[in-house]
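Rule-based calculations on the coordinates, nothing more; no lab input. On a predicted model such as this, the values are computed, not experimentally measured, just so you know. Quick reminder, even Gly has a Cβ in these numbers, built from the backbone with ideal geometry, and neighbours come from all protein chains shown.
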Amino acid sequence: MKYDFLIVGAGFAGAVAAERLASQQNKKILIVEKRNHIAGNAYDEYDEHGILVHRYGPHIFHTNSKKVFDYLSKFTGWRFYEHRVLAKLNGSLYPIPINRTTVNKLYGKNFKSDEEVAKFYESVREKRYPVKNSEDIIVNQVGKDLYEKFFKHYTKKQWDLDPSQLSASVCGRIPVRTNEDDRYFTDKFQFMPKDGYTKMFERMLKHKNIEIILNTDYKKIINNIKFDKMIYTGPIDYFFDYEFGKLPYRSLKFKWENINTEFHLKASSYNFVGKEEKFTRKTEYKYLTGQKSNSTTISTEYPTMKGDPYYPVPNSKNHTEFNKYKNLADRIKNVIFIGRLAEYKYYNMDQIVITVLQKLKMI
Ligand code: FAD
Ligand code: UDP
């Protein structure tokens, strides 16, 4: 048997590519996935208490792209859901992203308009030009105190780097608001897949042209498989046997607890922004999924360098290292490198879908 495509990885990048190539171009696909499940880091499953959890941390779908939303809607219904996060600082809870309520509560102010809050930010901000890193981008908007309270320690824990050592785009993911909007995202489409991500992936991959091998590193079988082209969604440094050394990828360890109460936290996620706790985030999944149950399951995230790669670490040094691999990758004509690990890009799920559709010219 000869396949048109060998696809390494059954996460968003691999699954969207497989689905499009099989259903639109009648290509024969073999997906090789080293984990024992599909859906990559978006994988969800019911835990032993019957609660639907995201095994690799909270995944909230949000996009401004109608194309992405319409495309995924072929494989899932949706549950309207807007994510809200509280930052825990010295025992108190504040809305994050920083908004008018955050400022009023923290500084005992009574600002009532956007203008008053904008004036306040103007009075405390430190101008940084050019904005070169993740410290600059926050301090430039809201000054040192808010930066140190909400960004400095969380970022250090998450990346084991000071914000000044990370690209501006990292902390720049989090907006600063003058109004009372306490949603984490403001995208046009904010929904969770009705039956979960794994079910959505099952429907995407249920096609007569798609075969899947789980529990298998592609390097173990590649010499026994005949294929024309490869789509590679794993870590790019591993593909090239670490020729230029290992690229840093950040990972997480999760602690899971089930509590015998309907809801435990006051919001879906708490960001622990102080340095007292070693962990960054707690998430209560029932808020995300809308599931009804007498008990509730919560995950706590402990960032680490060991374990499966979850996050590329965006800064100029790592970008330079990545480019050495990219130069090699660009020379290999029958392999397409796509996804968060293969492109070393801090992509959200919707950005992966757009990238795959564009790279395969199907948008
Ligand atoms: P992955 O999902 O990592 O898939 C790659 C697959 O390749 C994996 O399954 C891996 O096992 C497999 N693989 C790797 N090497 C090999 C090999 N040698 N052989 C065979 N298989 C291999 N995005 C959002 O939009 N919203 C969110 O709220 C959000 N929250 C997140 C929270 C956390 C904690 C994390 C880590 C990510 C979050 N993301 C979120 C990002 C989202 O997970 C990614 O954008 C998306 O899953 C990336 O898809 P991918 O296919 O590129 O990579
Ligand atoms: N961040 C922070 N404090 C917060 C939230 C985010 O310092 O309360 C910084 C931190 O560096 C984090 C980055 O902003 O890694 C991006 O946050 P996001 O919530 O998007 O992270 P993800 O959900 O991808 O882990």
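Show which aspartates and glutamates lie in cross-link reach of residue 157 when reach means a straight Cα distance below 12 angstrom and same-chain residues fewer than eight apart are skipped.
Once the sequence-local aspartates and glutamates are set aside, what remains near residue 157 is 276, 277, 301.
Nearest 0.05, what FRET efficiency do residue 132 and residue 2 give at R0 = 56 Å with Cβ-Cβ as r?
Details: r = 50 Å, r/R0 = 0.89.
For R0 = 56 Å, the calculated efficiency reads 0.65.
Please list the three semi-axes, largest first and in whole Å, of the ellipsoid equivalent to the stretch 151-270, using sqrt of 5 times the eigenvalues of its alpha carbon gyration tensor. Walk me through the intermediate numbers first.
Working: eigenvalues 247, 128, 58 Å².
Whole-Å semi-axes of the equivalent ellipsoid: 35, 25, 17.
Might you report the magnitude of the Cβ-based charge dipole of the chain about its Cα centre, with Lys and Arg at +1 and Asp and Glu at -1, to the nearest 20 debye? Write down the numbers at each step before the final one.
Details: 61 positive and 43 negative charges, 124 e Å.
For this selection, approximately 600 debye.
Which residue, chosen from 40, 223, 60, occupies the Cα position most advanced towards the positive end of the dipole of the chain, where the dipole is computed from +1 (Lys, Arg) and -1 (Asp, Glu) charges on Cβ about the Cα centre?
Value: 223.
Looking at the square roots a ≥ b ≥ c of the eigenvalues of the Cα gyration tensor of the stretch 71-190, which shape do they give, rounded for a/c under 1.5, prolate if a/b is larger than b/c, or oblate? Could the numbers behind the result be given before it?
Numbers: a/c = 1.75, a/b = 1.28, b/c = 1.37.
In terms of gyration-tensor shape, oblate.
Any idea what the dipole of the stretch 9-83 comes to, in debye rounded to 20, about its Cα centre with Lys/Arg Cβ at +1 and Asp/Glu Cβ at -1? Don't skip to the answer; put the middle values down first.
Values: 10 positive and 8 negative charges, 101 e Å.
With Lys and Arg at +1 and Asp and Glu at -1, about 480 debye.
Once the Cβ-Cβ distance between residue 220 and residue 251 is put in as r, and R0 is 30 Å, what FRET efficiency do you end up with, to the nearest 0.05? It would help to have the intermediate numbers written out before the result.
On the way: r = 22 Å, r/R0 = 0.75.
That gives a FRET efficiency of 0.85.
Please name whichever of 78, 50, 16 sits farthest to the positive end of the charge dipole of the stretch 1-131, dipole taken about the Cα centre and charges placed at Cβ: Lys and Arg +1, Asp and Glu -1.
Result: 16.
Above 39 Å lies some portion of the pair distances; for the chain, what is it as a whole percent of all C-alpha pairs? It would help to have the intermediate numbers written out before the result.
Working: 12115 of 65703 pairs.
Within the chain, distances greater than 39 Å cover 18 percent of Cα pairs.
Among 105/127; 324/345; 88/188; 220/324, which pairs are too far apart, with a Cα-Cα distance over 22 Å?
On the way: 105/127 25 Å; 324/345 15 Å; 88/188 28 Å; 220/324 25 Å.
Too far apart for the 22 Å limit: 105/127; 88/188; 220/324.
Suppose every K and R has +1 on its Cβ and every D and E has -1 on its Cβ; what is the size of the dipole of the stretch 193-323 about the Cα centre, in Debye to the nearest 20? Provide the component values of the computation, followed by the final result.
Numbers: 22 positive and 16 negative charges, 58 e Å.
With only Lys, Arg, Asp and Glu charged at Cβ, the dipole is about 280 debye.
Taking every DSSP beta bridge that has both residues in the chain, what percent is antiparallel when rounded to the nearest 5?
Values: 33 of 54 bridges.
Antiparallel: roughly 60 percent of the beta bridges in the chain.
Quickly estimate the mean residue ellipticity at 222 nm for the chain, helices only: each DSSP H run with n ≥ 4 gives -39500 (n - 2.57), and the total goes over all residues, rounded to 500. Walk me through the intermediate numbers first.
Values: 13 runs with 115 residues, N = 363.
Computed mean residue ellipticity for the chain: -9000 deg cm²/dmol.
By a straight-distance test (C-alpha under 18 Å), which aspartates and glutamates pair with residue 194 as possible cross-link partners, with residues fewer than eight away in the same chain excluded?
Cross-link targets: 44, 45, 47, 70, 82, 202, 284, 350.
Go through the stretch 212-220 residue by residue and turn each phi into a ³J(HN,Hα) via Karplus (6.51, -1.76, 1.60, θ = phi - 60°); whole Hz please, and just put x for glycine and proline.
10, 10, 9, 6, 9, 6, 4, 5, 6
Work through the residues other than residue 190 whose Cβ is under 9 Å from its Cβ and net out their charges, Lys, Arg +1 and Asp, Glu -1.
Value of the local net charge: 0.
What net charge is computed for the residues neighbouring residue 263, neighbours being all others with C-beta under 9 Å from the C-beta of residue 263, Lys and Arg scored +1, Asp and Glu -1?
Working: positive: 266, 286; negative: 262, 284.
With Lys, Arg at +1 and Asp, Glu at -1, the neighbours total 0.
Which one of 118, 300, 342 is farthest out on the positive end of the charge dipole of the chain, using unit charges on Cβ (Lys, Arg +1; Asp, Glu -1) and the Cα centre as origin?
About the Cα centre, the residue reaching furthest to the positive side is 342.
List every residue whose amide H lies under 5 Å from the amide H of residue 87, counting only residues 5 or more places away in sequence or on a different chain, with H placed 1.01 Å from N in the peptide plane.
94, 96, 271
May I ask for the distance between the Cα centers of the stretch 154-223 and the stretch 262-327, given as a whole number of Å?
10
Quick check on the stretch 1-87: take the gyration tensor over C-alpha atoms, sort the square-rooted eigenvalues as a ≥ b ≥ c, and tell me if it's rounded (a/c under 1.5), prolate or oblate. Please list the in-between numbers first.
On the way: a/c = 2.58, a/b = 1.49, b/c = 1.74.
Here the stretch 1-87 falls in the oblate category.
Once the Cβ-Cβ distance between residue 115 and residue 275 is put in as r, and R0 is 22 Å, what FRET efficiency do you end up with, to the nearest 0.05? Don't skip to the answer; put the middle values down first.
Values: r = 34 Å, r/R0 = 1.55.
FRET efficiency, residue 115 to residue 275: 0.05.
Can you check what the net charge comes to around residue 214, using other residues whose Cβ is under 12 Å from the Cβ of residue 214 (Lys, Arg +1; Asp, Glu -1)?
On the way: positive: 34, 35; negative: 33, 211, 217.
Neighbourhood net charge equals -1.
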